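This report refers to the structure that appears directly beneath it.
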Amino acid sequence: MSESAFQKCINPACAATFDVAQVLVSCPKCGGLLDILYDWEKLPRIKGLGFFEHRWSTKGVGVEGTLDFSGVWRFRELLPFYGREDQIVTIGEGRTVLQQADLLARQMGMVEGKLLLQYEGLNPSGSFKDNGMTAAFTHARMVGAKKVACASTGNTSASLAMFASLAQMRGIVFIGSGKIALGKLSQALDYGALTLQINGDFDDCLRRIREVAADAANGIYLMNSVNPFRLEGQKSIMYRILEAQDWQSPDWVIVPGGNLGNCSAFGKAFMELQELGLVKKIPRLAVINAAGANTLNELYSNRGLRWNGGKYDASMVQKHYAALDESNYHAHTVASAIEISRPVNLPKALRALQVMNGVVREVTDDEILEHRAMVARWGFGCEPASAASVAGLHQLLEQQVIGRDETVVCILTGHELKDPNATVKYHTGIDMKSVQDIAPRGPVHGKLVNQPIPVENDLKAIIRAMGDDPGRIGMG
């Protein structure tokens, strides 16, 4: 393990530290979220971000060349938690594109050259999740994990299943009943993950998978973004944007908000870059919720919740969640990737908003679909959740929060083909998902068939479906 890296609780009243060899998804002392931090004085000094440019010329063979080929690990000095380079799990993730979207800028009334689209859908599994999975799987390999699991609205399960197959670990994914785009579900099945379709939504799935992972006897390594190593990999999205802009920060970064892992990682990236003296300017951050999954916007924009140096009003969050429970509220949006009403990274998102002088907004499903079509017509195309960032930009331009001559990067988190049903319905009116839901199921004959398993939202039933003994719950 790296002697210069450690885990630390983000709750300033606790601030407990732990070795990176420990498998934790929350602070065992207070329950707070964890950061991966570094003693930079013990590490080789990075004199400037231009140091990383030489790695573009490597051939992509051998251990060092393979790492240089990755858009995450070519910045490995900025996430040095690993012990040895041969422990790193990589499949060439992060080879993504920052598009100067002049045609779209014209439609948005912006100055040409000022609107940039970061296409994370060009990752191997089709979404930004690969940036985080490569880091989390590296840690899983370091600690000898054999089984990895996640709750997912689709993209996480696809990425986990792909990495698990290649890392020769058993992948298990929890998905909500009817709450996943079939294009994403197909990936998890194809890559061989055990797919449990829980009778509930994403929040139910995440609650259950955390219960399963908390029992050490299950031997489950949790891969959701509550895992702090996931966010270490997602920092690299900011590094690549800086790289494409000749190491200059844009004025704004706009990102969809679901479980809030990306914005949390972005804030941490700039905190560290500033600490190391590697950037002169921190861009402003805009996090965009879907109106049907708008917890962050409700708490931040409408009720004034702030990070406040880590002393945020946790009771406000608890009361909001209690109200959701009392009204039996479930998130609902066409942007399934951000259909989350209880984001686990909320505290870290509040911190990122403070660090990056951020704002939060929400956009309707109609606005998401309209801007998704605009991106496709005048860009490369993206899944609905990605378009929330562009719809949010439109709103912020109209509100004159963002100037039309400011440099703005919109993060497009997933590929257009992740959710072709939304595209087909927009252009033809045909709801393919409804048709598929009532279509007769024929027999399956393939030798590698891997069907999803319906499971009740019950811990014992879930343990049983995983092939384990539910009778020893609580014994680990």
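The values are calculated or read from the model by the stated rules, or taken from the named source; none is laboratory data. Note that the coordinates shown come from a computational prediction; the quantities given were computed from them, not determined experimentally. Positions of Cβ are generated from backbone atoms using ideal geometry, with glycine treated the same way; all protein chains shown enter the neighbour counts. Keep in mind that these areas ignore ligands, DNA and RNA; they rest on the heavy atoms of the full protein, side chains included. Shrake-Rupley method; radii C 1.70, N 1.55, O 1.52, S 1.80 Å.
Descriptive notes on the structure:
- Meets criteria (part of a helix (DSSP H, G or I) and either within 21 Å of LEU37 (Cβ to Cβ) or not aromatic (Phe, Trp, Tyr) (or both)) for ALA286: no
- For segment 53-60, the criterion of being closer than 21 Å to PHE128 by Cβ, in contact (Cβ under 8 Å) with a residue 60 or more places away in the chain and not in a loop (DSSP other than H, G, I, E, B) is satisfied by no residue at all.
- Extreme residue, farthest from ALA335 (Cα to Cα), among residues of segment 168-182 that are part of a loop (DSSP other than H, G, I, E, B) and modelled with pLDDT of 85 or more: GLN168
- Take the conditions (1) crowded, with 22+ Cβ neighbours inside 10 Å; (2) touching a strand residue (DSSP E or B) at 6+ places or on another chain (Cβ under 8 Å); TYR239 misses just one of them, which is (2).
- Count of residues meeting criterion [surrounded by 24 or more Cβ atoms within 10 Å (Cβ to Cβ) and either free of Cβ contacts under 8 Å to residues at least 24 places away in the same chain or of a type in the set (A, V, I, L, M) (or both)] in segment 376-400: 6
- Enumeration of residues in segment 1-43 that are in contact with a Gly (Cβ under 7 Å, 6 or more places away or on another chain) and either in a strand (DSSP E or B) or surrounded by fewer than 16 Cβ atoms within 10 Å (Cβ to Cβ) (or both): CYS9, PRO12, CYS14
- Considering the conditions (1) open to solvent by 20 Å² or more (accessible area, probe 1.4 Å); (2) touching a helix residue (DSSP H, G or I) at 6+ places or on another chain (Cβ under 8 Å); (3) in contact (Cβ under 8 Å) with a residue 60 or more places away in the chain, ALA213 is excluded by exactly one of them, (2).
- Test: residue in segment 201-210 that is touching a helix residue (DSSP H, G or I) at 6+ places or on another chain (Cβ under 8 Å) and open to solvent by less than 30 Å² (accessible area, probe 1.4 Å): no
- Pair list, Cβ < 7 Å and 6+ apart or interchain, from segment 195-208 residues that are without any contact (Cβ under 8 Å) to a residue 40 or more places away in the chain to residues that are of a type in the set (Asp, Glu) and buried (at least 24 other Cβ atoms within 10 Å of the Cβ): none
- Only one of the listed residues (TYR312, TYR329) is touching a Leu at 6+ places or on another chain (Cβ under 8 Å) and either surrounded by fewer than 24 Cβ atoms within 10 Å (Cβ to Cβ) or not hydroxyl-bearing (Ser, Thr, Tyr) (or both). That residue is TYR312.
- Conditions (1) small (Gly, Ala, Ser); (2) under 26 Å from VAL23 (Cα atoms); (3) not in a helix (DSSP H, G or I); number of the one not met by SER165: (3)
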